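The values are calculated or read from the model by the stated rules, or taken from the named source; none is laboratory data. Computed from a prediction, not measured in an experiment: that's the story for all the values here. Quick reminder, even Gly has a Cβ in these numbers, built from the backbone with ideal geometry, and neighbours come from all protein chains shown.
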């Protein structure tokens, strides 16, 4: 994985974690401990479920020790590389452009 992939993963993970008002967002950095952010065992399960959805990966059933945000980022990157994970969802503007392009294309053919 390149450093830009890792940065992208960190940014996507940070945006996902920012949705949880119970976490200590001001401490969010690659070397921040998950415990220090306020992620307990139940929070970890919920977070990993959200990671699967956000990154399009399937987490294995085996337990993996992760202590920091950076550990989680590297784990996500490794799984995404092995599983050929889908890219992030399209931006709303880009997604809305697709139907317009299809409409324009179909009007040209009729």
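Taking segment 19-30 as the search range and keeping residues that are closer than 23 Å to residue 57 by Cα and touching a helix residue (DSSP H, G or I) at 6+ places or on another chain (Cβ under 6 Å), which one is modelled with the highest pLDDT?
Of everything passing the filter in segment 19-30, 30 is modelled with the highest pLDDT.
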Margin query: Among the residues in segment 27-47, are any in a helix (DSSP H, G or I) and under 11 Å from the mean Cα position of the chain (by Cα)?
Written below: yes
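Within the bounds of segment 60-75, is there any residue that is part of a loop (DSSP other than H, G, I, E, B), surrounded by 15 or more Cβ atoms within 10 Å (Cβ to Cβ) and touching a residue at least 12 places away in the same chain (Cβ under 8 Å)? Break it down into steps so the answer makes sense when it comes.
Narrowing segment 60-75 to residues part of a loop (DSSP other than H, G, I, E, B): 60-67.
From what's left, surrounded by 15 or more Cβ atoms within 10 Å (Cβ to Cβ): 66.
Now restrict to residues that are touching a residue at least 12 places away in the same chain (Cβ under 8 Å): 66.
Taking every residue of segment 60-75 in turn, at least one turns out to be part of a loop (DSSP other than H, G, I, E, B), surrounded by 15 or more Cβ atoms within 10 Å (Cβ to Cβ) and touching a residue at least 12 places away in the same chain (Cβ under 8 Å).
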